[in-house]
Amino acid sequence: MSLSCEKEFSKNALSYDKYNIIQKEVAKKVVSLVENAPKKILDLGCGSGEIYKLINWSIEEFTAVDISCEMCKLHPRNPNISVINANYEDDNLFERLKQKKFDIVISSSSLQWCSNLDSMAKKISKLSEKCVISLFCDGTFKTIYQQSNLEPFLPSQKEALKIFKKYFEIEYSIEKYKLFFKDNISKFRYIKKSGVSGGKKRLGYKETKELIKNYPHDYLEFEVLYVKGKQN
Ligand SMILES: C[S@@+](CC[C@H](N)C(=O)[O-])C[C@H]1O[C@@H](n2cnc3c(N)ncnc32)[C@H](O)[C@@H]1O
């Protein structure tokens, strides 16, 4: 299945959930793709618990992993939640997680930062027979890349799909989002604060200034790949 659609968020929406409005929308879609109310869930790159907070069925065990200690502190706690402050690419963590059996692995707005997406997808396939994943792809900030001649650092949707198809039977969709701003400075502040760029700084001061001056749209572009994977 392949589907492409475009959603727009108005700048007014920004006033309430300023820096993670797209991630929140993406998390909602991710949870809507989860079928059959799985009881044992692993969430990779859990952040402050967006996925957990959206789950509206009863679960037995929720394991949440995040590399950021600050994020882990913000994650909801209760006796059936284990929050693990670790790098999900770490082999020791993988060995530890392999001891458990998960009904599904979920990851929302995070795996675009993997240093090796192939090895991560392989690990996921060994931790569960099912996954629902969303990740930002190279259509994100497309105009910025075109304007500045930078190579996108986010994975291409084609490459990411090829990888997940190696380990799962997949259904997928790609969504494009536009987020509107009142001026260019706010756009670049958003890029810095939203976490979408993974903290990577590729432009110098002068280039950034040029870009801010000449960026042609009143919105930023985002492209998100959603993958629902199943093993036979
Ligand atoms: C954009 S946030 C998304 C959080 C949450 N999944 C959501 O949908 O709101 C991405 C999260 O991935 C985490 N992250 C990035 N790389 C990671 C890694 N290698 N291991 C574990 N967590 C990672 C970040 O710390 C951050 O909390």
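Computed from the coordinates by the stated procedures, all read-outs in this text should not be read as laboratory data. Keep in mind it's a predicted model, so treat the numbers as computed, not measured. Reconstructed Cβ throughout: ideal geometry from the backbone, glycine too, with neighbour counts over all protein chains shown.
With r defined as the distance between the Cβ atoms of residue 92 and residue 208 and R0 fixed at 22 Å, what FRET efficiency is calculated, to the nearest 0.05?
Between residue 92 and residue 208 the formula returns 0.05.
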Most fluctuating residue given options 40, 213, 166, as computed from a GNM of the chain linking Cα atoms under 10 Å: 213
Where labels lie 7 Å past Cα in the beta-carbon direction, separation of residue 162 and residue 61 in nm: 3.6 nm
Extension reserve of the residue 149-residue 40 stretch, reckoned as 0.36 nm per residue once the Cα distance is removed: 34.8 nm
Calculated FRET efficiency for the pair residue 29/residue 101, C-beta based, R₀ 25 Å, to 0.05: 0.45
Entries of 24/130; 28/126; 165/187; 123/178; 39/73; 101/192 with Cα pairs more than 29 Å apart: 165/187; 123/178; 101/192
Per-residue Cβ neighbour rank within 10 angstrom, fewest leading, 109, 125, 119: 119, 125, 109
Selected from 219, 88, 205 as most flexible by GNM, with the chain as the system and alpha-carbon contacts under 10 Å: 205
Nearest-20 debye value, the chain charge dipole, Cβ charges on Lys, Arg, Asp, Glu: 320 debye
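Can you tell me what percent of all Cα-Cα pairs in the chain are more than 34 Å apart? Intermediate results must be reported in sequence, preceding the final value.
On the way: 3938 of 26796 pairs.
Cα-Cα pairs of the chain separated by over 34 Å account for 15 percent.
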